[in-house]
Every structure is written in C-alpha cells, then in structure tokens.
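The values are calculated or read from the model by the stated rules, or taken from the named source; none is laboratory data. Given the structure is predicted, the values throughout are model-derived calculations rather than measurements. Backbone-built Cβ (ideal geometry, glycine too); neighbour counts: all protein chains shown. Note: accessible area is taken over every heavy atom of the protein model, side chains too, but ligands, DNA and RNA are not part of it. Shrake-Rupley method; radii C 1.70, N 1.55, O 1.52, S 1.80 Å.
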2 protein chains.
Amino acid sequence: MAGALLFSSRLDDPEAWSKALKSEMPELDVRISPELGNPADIETALVWKAPPGELASLPNLKLITNLGAGVDPILADATIPPHIPVARLGDEVMAQMMAQFVTFAVLRHHRDIARYVRQQRLSRWEYVLPRACYDCPVGIMGIGLLGGAAARMLAGIGFPVAGWGRSPRTIDGVETFHGADGLAPFLARTEILVCLLPLTPDTRYIVNRDVLYQLPRGAKLVNCGRGGTVDEAALLAALQDGQIAEATLDVFETEPLPPDHPFWAMDQVLVLPHTASIAVPEIAARDVVANIHRLRAGETLLNIVDRARGY
Amino acid sequence: MAGALLFSSRLDDPEAWSKALKSEMPELDVRISPELGNPADIETALVWKAPPGELASLPNLKLITNLGAGVDPILADATIPPHIPVARLGDEVMAQMMAQFVTFAVLRHHRDIARYVRQQRLSRWEYVLPRACYDCPVGIMGIGLLGGAAARMLAGIGFPVAGWGRSPRTIDGVETFHGADGLAPFLARTEILVCLLPLTPDTRYIVNRDVLYQLPRGAKLVNCGRGGTVDEAALLAALQDGQIAEATLDVFETEPLPPDHPFWAMDQVLVLPHTASIAVPEIAARDVVANIHRLRAGETLLNIVDRARGY
C-alpha cells in the first residue's frame with residue numbers, strides 16, 4: 001500500500017512513535033525498520049541515523065524527517081539521494097527541554113556543585129560564600145530555536161546572557177554578537193560558554209584551542225550541540241591546564257564515548273549520554289503528520305533543511 | 001560613640017559587610033565581634049548565630065537584624081531580651097538565589113543526573129529517554145518570599161508547580177493548598193517536594209514519616225529551608241526503603257552535619273553545607289541601613305519578626 005511511513009531509529013521508542021503518529025493520522029501505515037515490507041510502499045521516512053543505504057533503497061521516498069534538530073548524520077550519508085527534501089524536528093517542547101538542560105548545567109557550574117560533591121566524598125563540611133548570578137556572564141554559541149530558548153530561559157531567571165551566531169539576530173534581554181569579528185568580544189565576557197551550534201563544515205572544531213584560551217581563565221564549558229564542534233584534544237589539554245575549570249559534555253566526536261576516553265575519569269567533567277533533549281513523540285508527531293499532508297497537497301513543506309548551509 | 005552597629009557572624013564576610021554598610025551610610029560606626037569596644041555604644045546588631053549572651057550584654061541595643069530569612073536561632077536564644085525588635089533580611093536577590101538553587105536541584109532530580117554520575121564512574125554509556133517536565137509535578141512547602149520566588153521560577157520554566165502554606169495565598173501560574181486539610185492532596189500530586197518552611201514550633205518535624213509516605217513512591221525531596229522541619233530518622237528510613245528515591249539536603253538538624261552521619265555516604269543524597277542562598281552584602285546593606293534611619297526617625301521598622309508566629 002503506497003503512502004507508508006518508515007520509522008528507523010535505534011534510540012527512539014517505535015511503539016510510542018507509532019501510537020503518537022496514528023493518534024494524529026489513524027490511517028497512516030507505519031513500518032518499523034528493519035521490517036520495511038515492500039520498499040515501494042514507503043513515501044516518507046522518520047529517522048535517526050538510519051543504516052547506510054536503507055533510505056537509498058526506497059524508490060518512492062519523497063520526504064525524510066530527522067528525529068531531532070541536528071541533521072548532520074543525514075547530510076553526511078552519501079548514499080541518500082540529495083534531491084529528497086530533509087525536514088528536521090524542532091518544537092517548543094524540544095526547545096524547552098534543551099533550555100532546561102542548559103539551565104541545569106549552568107546553575108551547577110555557577111553554584112560550584114562539583115566542589116561540594118568532592119567534599120561529600122570526604123564527609124567534609126566546608127562552606128563557601130555563594131555568588132549572586134549577576135556576576136556570572138553566560139555566553140551561548142548558536143542562538144536558533146534551541147540556543148535562543150536557552151538564552152531566554154537563563155536571562156529570565158537572572159543571568160547576564162550573550163549569544164553568538166553566524167548572522168545578526170536580536171533576542172530580548174540578551175546581548176548578541178555575530179560573525180568572525182563578534183567572536184573575540186563575546187568570548188572575553190563569557191564565564192560559562194554553552195555550545196549549541198549545528199555541525200556543518202563551518203562549525204567543525206569551531207571551539208578550538210584558540211577559542212578556549214580567549215575565555216577568561218577558569219571558564220566552564222557546556223556542550224550539548226554536537227561533539228564535532230569542539231576540538232576534544234584541545235579541550236582535554238585546556239582542562240588539564242586549568243584554563244577550562246569544568247565541563248558538562250552531552251555530545252562527543254565519537255558516540256558512545258569510548259570506554260577508555262579520559263573524559264570518563266575526570267572529576268571536573270560531567271559526561272552524559274546525549275540526553276539533553278529529544279523530540280517527544282506525542283508533541284512532535286503533529287509536525288511530522290502536518291508535513292505528510294502538505295506533501296500530498298503539494299504545499300510548501302515546513303522545516304526543510306538547506307543542504308548548502310547544513311542546517 | 002553612640003549609634004554603632006555590631007556585626008557578629010562566623011560565616012559572613014565582615015570586610016564585605018563593613019564596606020557595603022559604609023557605602024550606604026559612610027558615618028556608620030561598624031564594630032566587628034568580638035571587638036565590641038564600649039558595649040553602651042551599640043544601637044543595632046547585624047547577626048548570624050551571635051555567641052549566647054553577646055546581644056544581652058548591650059545595654060542600648062534597639063534593633064537586631066538577622067543575616068538571613070530564618071530567625072529561629074535568634075528566637076531560640078533565651079538570653080536575648082524579647083522586647084528588642086528582630087528584623088530579618090530578605091530581598092529580591094536572596095529570593096532569586098534561593099529560587100535558582102531550587103531550580104538546579106529540581107532539574108537535577110527530574111533529569112536523573114545522579115544515575116548518569118553513577119554510570120560515569122563505570123565508564124558506562126547508557127541512554128535513557130528523557131521525560132518532558134510537564135509530567136513532573138513539583139510541590140513547594142512554604143511559599144513566602146523565598147518559596148514563592150522558587151515556585152514562580154519553576155512554573156516560569158515549564159514545571160507544573162503547587163505550593164502549600166499555613167494560610168491561603170495565590171501565586172499566578174501555581175496551584176496553592178493550605179492548612180492541615182490541604183496537605184494530603186498537595187502531597188499526593190507531588191513528585192518532587194521542596195521544603196522552604198521557616199522553623200517554628202508548628203513546623204518542627206512537619207515532614208515526618210507520615211508526610212513522606214503520602215508522596216508517590218519514588219518521590220524526591222529537596223530541603224533548603226531548615227533542617228529541623230524534616231525528621232531525619234524518618235527520611236533516612238524512607239530513602240533506604242526506596243519510598244524516597246533521592247534527596248538534596250542543604251540544611252540539617254545538626255550543622256555542620258556530623259562526619260559519621262549516614263547521609264554523607266549515600267549515593268542518592270546530595271549533601272550541601274547550607275549554601276543555597278545568602279544575603280548579599282552590597283544588596284542587603286540597603287535594607288539594614290533603611291531600618292537604622294527609620295529607628296532614629298521613630299518610624300515603623302521594616303521586616304520585623306512576629307515572635308509568636310516565629311517568622
């Protein structure tokens with residue numbers, strides 16, 4: 001039967017997605033990879049890192065939707081025919097979940113919780129006067145849907161927040177910088193740097209040794225965008241040197257992070273398994289189904305990725 | 001010289017307070033305990049747990065200001081003449097700092113960070129689908145200046161928040177309960193319980209076994225009010241039993257927490273040394289000095305504690 005949707009992810013819950021999609025569109029024929037049935041039936045695909053070649057094997061595929069905001073795995077897969085439009089998911093709940101994760105990480109660094117955890121291991125009660133947040137400037141690289149939500153949330157709870165992006169953008173209550181010229185002043189005023197950039201040829205290793213050392217000494221880093229935007233060897237050296245005091249890392253150049261990677265054993269690094277934010281099925285299914293209707297009606301598709309730009 | 005202020009705290013920074021007070025009132029004579037000079041000179045005292053008898057030794061003392069919101073140490077000190085008015089500090093920055101601490105603790109519990117920390121110790125990458133915050137009801141006991149700020153901040157970033165207090169109160173975006181009758185329904189809907197009550201005869205051990213077991217199984221507890229409001233033996237048993245899955249404790253029945261206390265060694269408990277919020281000198285000095293001017297002008301004093309009520 002034509003018009004089927006292929007669901008292909010090893011991380012997301014196929015049952016929850018099937019249920020959410022059918023609640024929006026009861027007649028939708030949902031196939032769960034690797035049980036494709038007749039490949040010619042499949043019209044749309046909802047995927048997170050589909051096995052290479054899987055999407056290329058679908059002769060009638062007309063739309064690929066990425067199960068998340070970062071589409072770098074799809075754009076990096078040369079087996080996927082480039083004429084098929086790629087949409088990315090990104091809704092208010094995903095943005096709120098990311099903003100909350102960033103808020104958690106920033107508050108944890110600001111309130112020096114890692115120090116208290118070390119003291120707890122020694123049964124040591126050692127009071128340190130806490131600092132008010134107005135002395136702790138936070139900087140967010142990448143201020144689109146997710147980074148913009150994080151910037152607004154942190155500014156809303158009282159932090160001085162600046163954002164940096166490729167092109168000019170204004171956000172109420174947030175100081176914004178842009179482009180190559182804007183990077184140095186942005187870094188110089190930032191004590192906690194949050195990286196939420198998409199991974200593109202322009203942003204690979206954008207947080208390199210030079211950038212890390214333009215932050216004030218003892219700055220802290222949160223990466224919950226893409227592992228490839230940070231040069232991990234440079235970060236490791238900066239952490240060992242004390243230039244970067246602490247890091248919260250949710251994403252890595254290689255995921256899962258290999259068991260022998262030095263980050264695992266570092267007291268000053270919090271390692272998380274790429275869990276900052278997700279597309280919640282019961283929310284995001286609406287956008288998936290809306291695009292199926294648009295596709296069939298010949299209308300403009302929503303949230304389509306610009307392959308040249310990379311996001 | 002009459003009109004001096006005595007500063008008496010072993011936790012707060014006398015230099016920072018002296019500077020902040022003099023910046024508001026350059027002529028103020030600030031004495032730092034234990035260097036009182038002539039006790040008859042002292043008109044006002046700014047104290048956190050002053051040594052017993054110290055305040056009673058000041059014949060011309062007309063106002064005691066507590067270096068924080070919780071005045072239970074002053075009211076418990078029988079050597080302090082009860083006719084001397086007691087003011088408590090509590091300003092927007094103190095409230096914001098407390099609200100941020102609560103936000104940190106709630107997000108940490110909601111996002112199950114303790115699980116990831118345990119996994120990190122084992123170099124284990126184990127992804128668990130994160131839950132959206134709309135499924136995680138937070139309940140705050142004590143919704144005055146500090147608890148109210150925490151409730152508003154958590155509701156502002158997206159959590160379903162309820163508050164419970166002694167008397168009826170309304171807060172935009174927060175469901176409120178009050179009194180003995182309101183406690184059971186408040187607890188039944190609460191997955192993360194935050195305790196921000198003042199310590200009074202009415203609130204001592206208010207969070208007892210019965211209250212802990214009225215929460216849903218696996219609930220989490222944050223106490224950043226006063227240690228004495230929670231029955232620690234009951235909490236310890238509830239943690240060992242799994243009724244309470246995790247706790248963030250910033251305050252304890254005995255502070256510093258004794259080195260042999262079982263909380264120190266519990267993986268599911270984060271122990272902090274009473275650091276959630278403070279009166280920041282450069283902000284709070286304004287309120288201290290405003291009351292000195294009011295005292296001298298015979299005007300009504302601000303933030304005076306009701307000794308009968310206990311806060």
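Laid out as a table, the results:
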{"quantity": "Residues (small (G, A, S) and open to solvent by 40 Å² or more (accessible area, probe 1.4 Å)) located in the range B:274-311", "calculated": "B:A297, B:G298, B:A308"}
{"quantity": "Any hit, the range A:283-303, residues being more than 9 Å from chain B (Cβ to nearest Cβ), at positive phi and under 17 Å from the mean Cα position of the chain (by Cα)", "calculated": "yes"}
{"quantity": "Of all residues in the range B:27-85 being small (G, A, S) and in contact (Cβ under 8 Å) with a residue 60 or more places away in the chain, the one that is farthest from B:D306 (Cα to Cα)", "calculated": "B:G68"}
{"quantity": "Helices (runs of 4 or more DSSP H) wholly inside the range A:34-133 containing at least 2 residues that are open to solvent by 10 Å² or more (accessible area, probe 1.4 Å) and within 9 Å of chain B (Cβ to nearest Cβ)", "calculated": "A:92-110, A:113-121"}
{"quantity": "For A:H274: the one exception among (1) free of Cβ contacts under 8 Å to residues at least 40 places away in the same chain; (2) assigned to a helix (DSSP H, G or I); (3) within 10 Å of another protein chain (Cβ to nearest Cβ)", "calculated": "(2)"}
{"quantity": "Selection count where residues are open to solvent by 50 Å² or more (accessible area, probe 1.4 Å) and touching a strand residue (DSSP E or B) at 6+ places or on another chain (Cβ under 8 Å), scope the range B:4-31", "calculated": "3"}
{"quantity": "Of all residues making up the range B:255-271, the number that are facing another protein chain (nearest Cβ under 8 Å) and open to solvent by less than 30 Å² (accessible area, probe 1.4 Å)", "calculated": "4"}
{"quantity": "Complete set of residues in the range B:154-175 that are under 20 Å from B:A69 (Cβ atoms), touching a residue at least 24 places away in the same chain (Cβ under 8 Å) and in a loop (DSSP other than H, G, I, E, B)", "calculated": "B:R166, B:R169"}
